[in-house]
Amino acid sequence: MSKFLLLSLFIALIGKASGYGNAGHQAIGTVAEHYLAGTRALKEVRALLKEGENLDRASTWPDRAKLPDKYLTAEMKDFVANNPDHHTFHYCDIPFQQKAYREGLTGTHKKDIVHILEICIQVLQAKDDKAENPLKINKRVALMLLAHLVGDLHQPLHVGCSYVDDKNQFVDP
């Protein structure tokens, strides 16, 4: 068998590298609710979510907010209008050679996943929904972002990046 044919067969059989998708985020939301069962935290989560809504569905909200406008709820449209760069909230592109996140590294920015998680936590810890925040979000949206981004933080290709030079060699810029 020729090398080309073997390579073609190999490429045809491998799956693409992709994120968790809705099913993965929903599984994370379900597991989170399981671990929060019987706690004050779950009562507070339920108070922020709509009737019949759980973390499994809420955890997909930030990805659904990236859909075309005709599919967005009024809440999503408001979020998108206030955060036109919201697609950058889901990741940071720090060089894979780095062992830890450090602000100012190549691939970090003020609206990367680390900074957005911090803002969400601050919003949730605020006494009420009236507190100012750079994203102009309320506690409900902060919770849905947090539930989603914790999943993003742990999946491939969301934290870390490879950089190459003009000789196609990995570099740590």
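Please treat every number below as a calculation from the coordinates, not as lab data. A quick note: this is a predicted structure, and the numbers were derived from the prediction, not measured. Reconstructed Cβ throughout: ideal geometry from the backbone, glycine too, with neighbour counts over all protein chains shown.
What tally of residues in the range 51-67 results from selecting those that are touching a residue at least 60 places away in the same chain (Cβ under 8 Å) and of a type outside the set (S, T, N, Q)?
Counting residues in the range 51-67 that are touching a residue at least 60 places away in the same chain (Cβ under 8 Å) and of a type outside the set (S, T, N, Q) gives 5.
Within the range 143-159, can one find any residue that is surrounded by 15 or more Cβ atoms within 10 Å (Cβ to Cβ) and in a strand (DSSP E or B)?
At the first step, the residues of the range 143-159 found to be surrounded by 15 or more Cβ atoms within 10 Å (Cβ to Cβ) are 143-153, 155, 158-159.
Then keep just the ones that are in a strand (DSSP E or B); that gives 159.
Looking for residues that are surrounded by 15 or more Cβ atoms within 10 Å (Cβ to Cβ) and in a strand (DSSP E or B), one finds at least one in the range 143-159, hence yes.
Which residues, counting only those in the range 92-120, are among the hydrophobic types (A, V, I, L, M, F, W, C) and more than 17 Å from W61 (Cβ to Cβ)?
C92, I94, F96, A100, L105, V114, listed by residue number.
Please state which one of Q122, Q97 is farther than 20 Å from T30 by Cα and over 18 Å from the mean Cα position of the chain (by Cα).
Unique residue meeting the criteria: Q97.
Would you mention how many residues in the range 73-107 are under 19 Å from H148 (Cα atoms) and polar (S, T, N, Q)?
The qualifying residues number 4.
Which of (1) within 15 Å of the chain's Cα centre (by Cα); (2) farther than 19 Å from Q155 by Cβ is the odd one out, the single condition P62 does not satisfy?
Going through the list (1) within 15 Å of the chain's Cα centre (by Cα); (2) farther than 19 Å from Q155 by Cβ, P62 breaks only (2).
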